[in-house]
Amino acid sequence: MLVAVMPAFNEEGNVSKTALLAGKFVDKVIVVDDGSGDATFKEAEKANAIVLRNAINMGKGVALKVGINAALKLGASEIITIDSDLQHNP
């Protein structure tokens, strides 16, 4: 199973679209909301992603670790990471 892990911090304007686009190429998308102060969590949920939340901002490395661990628990055989800001086309 191929899983995309997306760390996100205050990306309410981009996270849903990024997750939807990435979802076309993977089996599951995991978004880790890293203590955002906006609607990042709710917007990621709209994209049918698995959404996890750090209570406070822990940094991109911790968010990736949380997402990768979750992907491994799902049985991922391959994991890719992608930023949630739409800087790169999924």
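The values are calculated or read from the model by the stated rules, or taken from the named source; none is laboratory data. For clarity, every value in this text was computed on a predicted model and none was experimentally measured. Quick reminder, even Gly has a Cβ in these numbers, built from the backbone with ideal geometry, and neighbours come from all protein chains shown. SASA here: full protein model, heavy atoms, side chains in, ligands and nucleic acids out. Shrake-Rupley method; radii C 1.70, N 1.55, O 1.52, S 1.80 Å.
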Please go through (1) in contact with a Ser or Thr (Cβ under 9 Å, 6 or more places away or on another chain); (2) part of a loop (DSSP other than H, G, I, E, B); (3) in contact (Cβ under 8 Å) with a residue 60 or more places away in the chain; (4) surrounded by fewer than 18 Cβ atoms within 10 Å (Cβ to Cβ) for Asn57 and return the number of the only condition it doesn't satisfy. (3)
Here is a check on your reading of the model: is Leu64 open to solvent by 20 Å² or more (accessible area, probe 1.4 Å), within 13 Å of Ile82 (Cβ to Cβ) and not in a loop (DSSP other than H, G, I, E, B)? yes
Scan the stretch 67-90 for residues that are of a type outside the set (Ser, Thr, Tyr), in a loop (DSSP other than H, G, I, E, B) and in contact (Cβ under 8 Å) with a residue 24 or more places away in the chain and jot them down. Gly75, Ala76, Ile82, Asp83, Asp85, Leu86, Asn89, Pro90
Filter the stretch 43-54 down to residues that are touching a residue at least 24 places away in the same chain (Cβ under 8 Å) and part of a helix (DSSP H, G or I) and give me whichever is surrounded by the most Cβ atoms within 10 Å (Cβ to Cβ). Ala44
Only one of (1) surrounded by 16 or more Cβ atoms within 10 Å (Cβ to Cβ); (2) among the acidic types (Asp, Glu); (3) touching a strand residue (DSSP E or B) at 6+ places or on another chain (Cβ under 7 Å) does not apply to Glu78, and that is (1)
Report every pair of residues separated by at least 6 positions or lying on different chains whose Cβ atoms are under 6 Å apart, first residue within the stretch 16-28 and assigned to a strand (DSSP E or B), second among the aliphatic types (A, V, I, L, M). Lys28/Val3
